[in-house]
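The values are calculated or read from the model by the stated rules, or taken from the named source; none is laboratory data. Keep in mind the model is a prediction, meaning the values are calculated, not measured. Neighbour counts are summed over all protein chains in view; Cβ atoms, including those assigned to glycine, are modelled from backbone coordinates with ideal geometry. When the accessible area is computed, the model is the full protein with side chains, heavy atoms only, and any ligands, DNA or RNA have been set aside. Shrake-Rupley method; radii C 1.70, N 1.55, O 1.52, S 1.80 Å.
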Amino acid sequence: MNFYILGGSILNDNNELVLVIDFGGQYNQLIARRVRECGVYCEIVPYDYSLAKIKAKNPKGIILTGGPASVYAKDTPQAVDGIFDINVPILGICYGHQIIANALGGTVTHAETGEYGKTSVTLDPSAVIFDTIDKENTCWMSHRDYVSKVPVDFTIIGHTTTGPVTAMSNDKRRIYGVQFHPEVEHTPFGKKMLKNFLFKICEVKGNWSMEAFAESKINEIKKSVGNKKVLCALSGGVDSSVAAVITHKAVGKQLTCIFVDHGLLRKDEGDQVEKVFKDKFDMNFIRINAQERFLNKLHGVSDPEKKRKIIGEEFIRVFEEEANKLGQIDFLVQGTIYPDVVESGTKTSATIKSHHNVGGLPEDMQFSLIEPLRELFKDEVRAVGEKLGIPHDLVWRQPFPGPGLAIRVLGEITEEKLVVTREADAIFREEIAKAGLSEKIWQYFACLPNIKSVGVMGDSRTYCHTIALRAVTSSDAMTSEWARIPYEVLDKISRRIVNEVPGVNRIVYDITSKPPATIEWE
Ligand code: XMP
């Protein structure tokens, strides 16, 4: 299958771009987010990105990130030759700070004890980068190597009790280095410092906004698509929904969205998705009601991996059958977002990841990809979604797995178990919303662990399903903590579910973090 990715970077009217050069530090995406929060468009590129390519991007500023290596060791990542001579302001952070020192004739030394966590620092407020920032301050450190001698023509503008060169500058060349991490919240003056770098040193205006982004994306898609046809597999999730709406604004009825309802969605979810896209946005929207087809395929299957595989394959078959009915399609919309691109960009190629995202569509389908959200972080996707008029609930929808309730009903799936889970889940969600907790919890849902237990209701013995409630806090779903939902809220949820959902007589709350558990139960 061939894919061609539309468009390069999106710049605002004044072509203001800041480049973040990635040396492998753990906070690098955060640096880019902070820059964008200041209204400046910013891209992350790998450390070996050539000088010619850097120049071609015409950046207004360059940030060299942290990284795990030692600058003086053999074969470690270094800044590309000539980067300090192109007259673009440079800020080095942590490893980036050490790279500047090492490259321009200073000294980087190994320390017996490093500086980790919150550290007191003395800054020089007369330095432009620390303008209006208090002299005695706190910053976040994570390093062992340190700059022991600054390069010629550099001034020391910050130090700690053990670090002689916590910050240095060369105003004439507009090159700055800081050992601490201004991008993390634990450096309280970090945002102000980044603003000083952007507005006082790089002299950008800061016009990057979600409106400007949406407008230029819409124009770009319009130009590229012409009068051809576009297809989108809509899941109702945030990314595919926003991608579909942007594309719709550009090409209107040339876009067809296919929404496969596999019957494993949450209560009323299919109808809500249909209502938004068909009624509110007046899209060409095809809903495939394939509930029975999926249930039949899943009949008698209890192995979690088999269930996933069956659902994945069946999804593609249904999508393929429907797409084939539409005749020649030239473009496919995908909700790829920036973290996917950055991850794939440093490890594999962006095209491989895109292919992977499409998830095994038929080999003989030839599309060009439209990925309107390739440059955006999740919170920016949400902001664009709200600007485009997508309902708040949809924009803030919690992550929901592709296989849906099939991996929340443990073991074999039956219609009866799906109904019980759906009803319990709806009550759980309603009460979390009423308690004002929806946007504080990463994911919360009901599971059916496939056990029955004895209870007593009225004067009778019951033998009914157990419902497990799962709620976690997380920032990326890689790790999570169980959410500390107040007892009164849990109590109300438990009472409501056993009273209102026939077939349930016991509620348990999952108090396991990830690891060792996972967020979903299967
Ligand atoms: P786990 O259960 O592995 O989940 O801790 C991590 C995150 O991924 C979601 N998830 C999936 N999403 N298809 C998806 O699109 C899947 O098969 C799938 N399995 C888990 C899960 O909801 C959580 O946000």
**Message:** When only alpha-carbon atoms are used, what values of Rg and Dmax, in angstrom, describe segment 40-129?
**Reply:** 14.6, 42
**Asked** Put a dot 7 Å past each Cα toward the Cβ at D379 and I86; how far apart are the dots in nm?
**Response** 2.9
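When 1/r is averaged over all different Cα pairs and the result inverted, which Kirkwood radius in Å belongs to segment 95-188?
13.1
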**Asked** Over the chain, how many percent of alpha carbon pairs lie in each 20 Å bin up to the one with the longest distance?
**Response** 20, 45, 30, 5, 0
**Request:** Provide the per residue accessible area, probe 1.4 Å, for the chain, rounded to a whole number of square angstrom.
**Result:** 45
**Request:** Quick one: go through segment 423-449 and flag any residue whose amide nitrogen is under 16 Å from the point 7 Å out along the Cα-to-Cβ line of Y509.
**Result:** 428-438, 440-447
**Message:** How far apart, in nanometres, would the label points at A477 and E500 be if each is projected 7 angstrom from Cα along the Cα-to-Cβ direction?
**Reply:** 2.7
**Cβ-Cβ FRET estimate between K200 and D282, R0 fixed at 35 Å, reported to 0.05** = 0.15
**Fill in**
If the label point sits 7 Å along Cα→Cβ of D303, residues of segment 498-522 with amide N under 20 Å come out as 521-522
**Message:** Could you work out the relative contact order of the chain? I mean the mean sequence separation of Cα pairs under 8 Å and 6+ apart, divided by the number of residues, in percent.
**Reply:** 12
**Request:** Provide the gained length on full extension for the span A517 to R173, in nm with one decimal, where the gain is 0.36 nm per separating residue minus the Cα-Cα distance.
**Result:** 118.7 nm
**Prompt:** Lys/Arg Cβ at +1, Asp/Glu Cβ at -1, dipole of the chain taken about the Cα centre: which of L376, F189, L388 is farthest positive-ward?
**Reply:** L388
**Where labels lie 7 Å past Cα in the beta-carbon direction, separation of K74 and D124 in nm** = 3.8
**Request:** Under 1.5 on a/c is rounded, so check that first for segment 206-247, then, if it is not, pick prolate when a/b is larger than b/c and oblate when it is not; a ≥ b ≥ c are the square roots of the alpha carbon gyration tensor eigenvalues.
**Result:** oblate
**Item:** Heavy-atom SASA rank of D379, D85 (probe 1.4 Å, accessible area, largest first)
**Value:** D85, D379
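What do you get for Rg/Rh over segment 286-343 if you use C-alpha atoms and the Kirkwood form of Rh?
1.09
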**Complete:** Quick note, segment 17-201: a/c under 1.5 would make it rounded; otherwise a/b > b/c is prolate and the rest oblate (a ≥ b ≥ c, C-alpha gyration tensor); here it is rounded
**Prompt:** What is the projected area of the convex hull of the Cα atoms of segment 139-199, averaged over all directions, in nm²?
**Reply:** 4.4
**Two-decimal Rg to Rh for segment 408-482 - Kirkwood Rh, Cα set** = 1.05
**Sites K222 and A52 - FRET efficiency at Förster radius 35 Å, r taken between beta-carbons, to 0.05** = 0.65
**Request:** Report, in order of residue number, the helices in the chain meeting two criteria: a C-alpha extent of 24 Å or more along the helix axis, and a mean Kyte-Doolittle hydropathy of at least -1.0; treat each whole DSSP H run as one helix.
**Result:** 415-434
**Complete:** Note on segment 364-522: alpha-carbon gyration tensor, axes a ≥ b ≥ c; rule is a/c under 1.5 for rounded, else prolate if a/b larger than b/c, else oblate; result prolate
**Semi-axis lengths, Å, segment 193-345, gyration tensor of Cα atoms, sqrt of 5 times eigenvalues** = 36, 21, 15
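I need the calculated FRET efficiency for the pair T109 and T155, taking r as the beta carbon distance and R₀ as 30 Å, to the nearest 0.05.
0.95
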**Prompt:** Taking the Cβ of A233 as the center, what net charge do the other residues with Cβ under 11 Å away carry, scoring Lys and Arg +1 and Asp and Glu -1?
**Reply:** -2
**Item:** Computed over segment 105-260: relative contact order in percent, which uses C-alpha pairs under 8 Å that are six or more apart
**Value:** 17
